[in-house]
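Everything below concerns the one structure shown next.
The values are calculated or read from the model by the stated rules, or taken from the named source; none is laboratory data. The shown structure was predicted, so the numbers you read here are calculated from the model rather than taken from an experiment. Cβ placement follows ideal geometry from the backbone for every residue including glycine, while neighbour counts extend to all protein chains displayed. Calculation scope for accessible area: heavy atoms of the full protein, side chains included, ligands and nucleic acids excluded. Shrake-Rupley method; radii C 1.70, N 1.55, O 1.52, S 1.80 Å.
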Amino acid sequence: MSSKQKQTYSVCFCCRRRFKLGVSEAPPEIREFFHRYCDENGIMTASHLRRFLTEVQREEKITEEETQAIIDGHKHLSIFHRRGLNLESFFKFLFSDDNPPLLPSRGVHQDMTLPLSHYYIYTGHNSYLTGNQLSSDCSDAPIINALQRGVRVIELDIWPNDSKEDIHVLHGRTLTTPVALIKCLRSIKEYAFVASEYPVVITLEDHLTPDLQAKVAKMVTQTFGDILFCPSSESLKEFPSPESLKKRIIISTKPPKEYLEAKEGKEKGESQRGKPSDDEEAWGKEVPSLRGGTIADYKQNSGDDEDDLTEEDDDLDEAEKLGQNGSDEYRRLIAIHAGKPKGGLEEGLKVDPDKVRRLSLSESQLEKAAETYGKEIVRFTQRNILRVYPKGTRITSSNYNPLIGWMHGAQMVAFNMQGYGRSLWLMQGMFKANGRCGFVKKPDFLLKTGPNNEVFDPKAPLPVKTTLKVTVYIGEGWYYDFKHTHFDQFSPPDFYARVGIAGVPFDTTMKKTKSIEDNWLPSWNEVFEFPLSVPELALLRIEVHEYDMSEKDDFGGQTCLPVSELRSGIRAVPLHSRKDVKYNNVKLLMRFEFI
């Protein structure tokens, strides 16, 4: 951007304002680093650059050949110096796509040979819905989109069609328009492994008669063939590993039961009572905080005491009373058995040494359970799978704070993937880890038992393990990615950044820079420190907004990054849209230090 360029804004029909467009320049600290590491001629050679990358960027294994390749890749930026970088080309290297905050080449690096219960799994809720929970279309398109993003658990609600001869996927007792089950299954087969070779779990919420269950069994078997994982015995003693299940499809549902026609007579939408609260606005409201230390505090903040749609457990008890058995072929397909045992939650959380299963709780049920049974939930999730799903009143397909589930070891924190908003940004941030394969190993403290068989207590206060120091230098790219009147009709934007941590209650916080007025190239140069007691579960949240005195502040980009995989040093951080689509040019220059 030439420094001579000017931008004109119309204040009214007879009055115009002109603003000079600046050039992105190296912040003072970047200049200091350059002068500290360059030679007496102001050139950073391969050996100088290697020393900078080793000492400041903490890239201990980098070779001089690799640093020479960096210089060769950026020397076109400076026609005068072929043997190294000058200040301008050094700054442009730091602020380039070649210097990201997460290392793309790292790929899958965690141990993938442990049981499935040892991993957080990227999980969708009502994966077939294109919009809200009451009246949107059902389609295979959101399923395809989720799989392309790396989601590993797809949920399908299966119901008889009008003639009772075939199977539809739809949100029952609502006005959602159905899609054929076979269409969804074929799309899952086609797209299951485009983003990750690790297994895809299909969770079925089943409302079928035994003959239709048999039809589903045939459909599933014929569609998936050899890639379908069928357990050798009806109940598994331990879950297999993601490694052993590569490129396999797994079915998870309750054991078959008789379809209850009496239940179908419920008025449509009855179980989706209540209207969305303010926290369900697309992105404007903050993620309800866990800070304060107790789940009760969280509940008070988020107003989540409404009744839940009890999803899978709707008609289980009544079906069991009838003692009906479903299709044997269907039963044999189920690798991960779901369902809530009789006797309430205390009974449901008991660990059976001879078999493993899946338990589902709504977000509100989990909050209530965590107040009394926090350690029991952790113990349960060491061997078994806990799925958490959104409360029934989230009719706009909003989401909740996923950390409540994760800090208790819940593997399947199910989200409405078709929407967007801050909670979903956290989910997307978490699964940027481990090569974006859709499986992230749970921290060791959630998997271990102590000498007296004790487990991690989510309520216990913890000491600070490390402190993340974040410097926000400058931002650029909005000038190219947005119209010049997008943020302000009468002047360039007034950008500020929000930086913070989503994590366990002690670690959760958000901080804010000052606003830089009338500038497409904001230069903040502000430093923030975040003490972390559980860095393994911490996510770095970054947002940019444009301050608006008279209206709601405008959105200028966001990203969320797993702290456990953050690269130390000065990094170029690309920002994304509300729907997590990466902007072409918008990025921040930041520094990350663990102190």
Checklist entry - Are there chymotrypsin sites (Phe, Trp or Tyr not before Pro) in region 452-526 that DSSP marks as loop and that have at most 13 other Cβ atoms within 10 Å, and which are they? => result Phe490
Checklist entry - Of all accessible surface on region 355-398 at a 1.4 Å probe, what whole percent is carbon and sulfur? => result 48 percent
Checklist entry - In region 461-594, what percent of the accessible surface is made up of carbon and sulfur (1.4 Å probe, ligands and nucleic acids excluded)? => result 49 percent
Checklist entry - So if R0 is 60 Å, what FRET efficiency would Glu347 and Asp548 give, r being the distance between their Cβ atoms, rounded to the nearest 0.05? => result 0.65
Checklist outcome for this item: Diffing region 178-193: the Karplus 3J(HN,Hα) column from phi (6.51, -1.76, 1.60, θ = phi - 60°), in whole Hz with x for Gly and Pro, holds x, 10, 5, 4, 4, 5, 5, 4, 5, 5, 4, 4, 5, 10, 3, 10
Item to check | Label-point separation in nm, Arg31 to Thr63, each point 7 Å along Cα→Cβ | outcome: 3.7 nm
Next on the checklist: If you roll a 1.4 angstrom probe over the protein chains with everything in place, what fraction of the accessible area of region 28-99 belongs to carbon and sulfur, to the nearest %?
Outcome noted: 49 percent
Next on the checklist: Restricting to Cα pairs below 8 Å that are 6+ residues apart, what does the relative contact order work out to for region 514-590? Please round to a whole percent.
Outcome noted: 21 percent
Checklist entry - Working out 0.36 nm times the residue gap between Glu371 and Thr509, then minus their Cα-Cα distance, what length gain in nm do you get to one decimal? => result 47.5 nm
Next on the checklist: Could you sort the peptides 463-469, 217-223, 395-401 by per-residue average Cβ neighbour count (10 Å cutoff), highest mean leading?
Outcome noted: 395-401, 217-223, 463-469
Next on the checklist: I need to check one value: relative contact order of region 28-99, counting alpha carbon pairs closer than 8 Å and at least 6 residues apart, in percent.
Outcome noted: 30 percent
Checklist entry - Under the Karplus relation 6.51 cos²θ - 1.76 cosθ + 1.60, θ = phi - 60°, what is the ordered set of whole-Hz ³J(HN,Hα) values for region 100-110, x standing for Gly and Pro? => result x, x, 10, 8, x, 6, 5, x, 6, 10, 8
Checklist entry - Length gain on complete extension for the stretch Arg83 to Asp39, per 0.36 nm per residue less the alpha carbon to alpha carbon distance? => result 14.7 nm
Item to check | Size of region 159-207 as Cα extents on the principal axes (Å, biggest first) | outcome: 37, 17, 17
Checklist entry - Heavy-atom accessible area per residue, region 146-203, 1.4 Å probe: how many Å²? => result 36 Å²
Checklist entry - When only DSSP loop residues count, what trypsin sites (Lys or Arg not before Pro) in region 505-562 have their Cβ near at most 16 other Cβ atoms within 10 Å? => result Lys514, Lys552
Checklist entry - Accessible area per residue of region 461-594 at 1.4 Å probe, in Å²? => result 37 Å²
Checklist entry - Taking only the alpha carbons of region 461-594, what extent do you get along each of the three principal axes, in Å, biggest first? => result 50, 28, 28
Next on the checklist: Let me see the P(r) profile for region 28-99: every Cα-Cα distance counted, bins of 10 Å, each bin given as a percent of all pairs.
Outcome noted: 22, 62, 17
Item to check | Which listed pairs, of Lys391/Lys511; Lys247/Lys375; Lys215/Lys442; Lys441/Lys512; Lys355/Lys448, have C-alpha distances above 26 Å, in listed order | outcome: Lys391/Lys511; Lys247/Lys375; Lys215/Lys442; Lys441/Lys512
Next on the checklist: Ordering Glu205, Glu526 by accessible area with a probe of 1.4 Å, largest first, what comes out?
Outcome noted: Glu526, Glu205
Checklist entry - Which ³J(HN,Hα) values in Hz, rounded to whole numbers, follow from the phi angles of region 362-372 under the Karplus curve 6.51 cos²θ - 1.76 cosθ + 1.60, where θ = phi - 60° and Gly and Pro get x? => result 6, 4, 6, 4, 5, 4, 5, 5, 5, 5, 10
Item to check | Formal net charge of residues neighbouring Asp111 (Cβ-Cβ distance under 15 Å; K, R +1; D, E -1) | outcome: +2
Item to check | Greater than 20 Å apart at Cα, pairs in Lys432/Lys582; Lys189/Lys218; Lys92/Lys587 | outcome: none
Checklist entry - Counting pairs of alpha carbon atoms under 8 Å apart in space and at least six apart in sequence, what relative contact order in percent does region 461-594 give? => result 32 percent
Item to check | Sequence of Asp211, Asp580, Asp226 when ordered by accessible area, the most exposed leading, probe 1.4 angstrom | outcome: Asp226, Asp211, Asp580
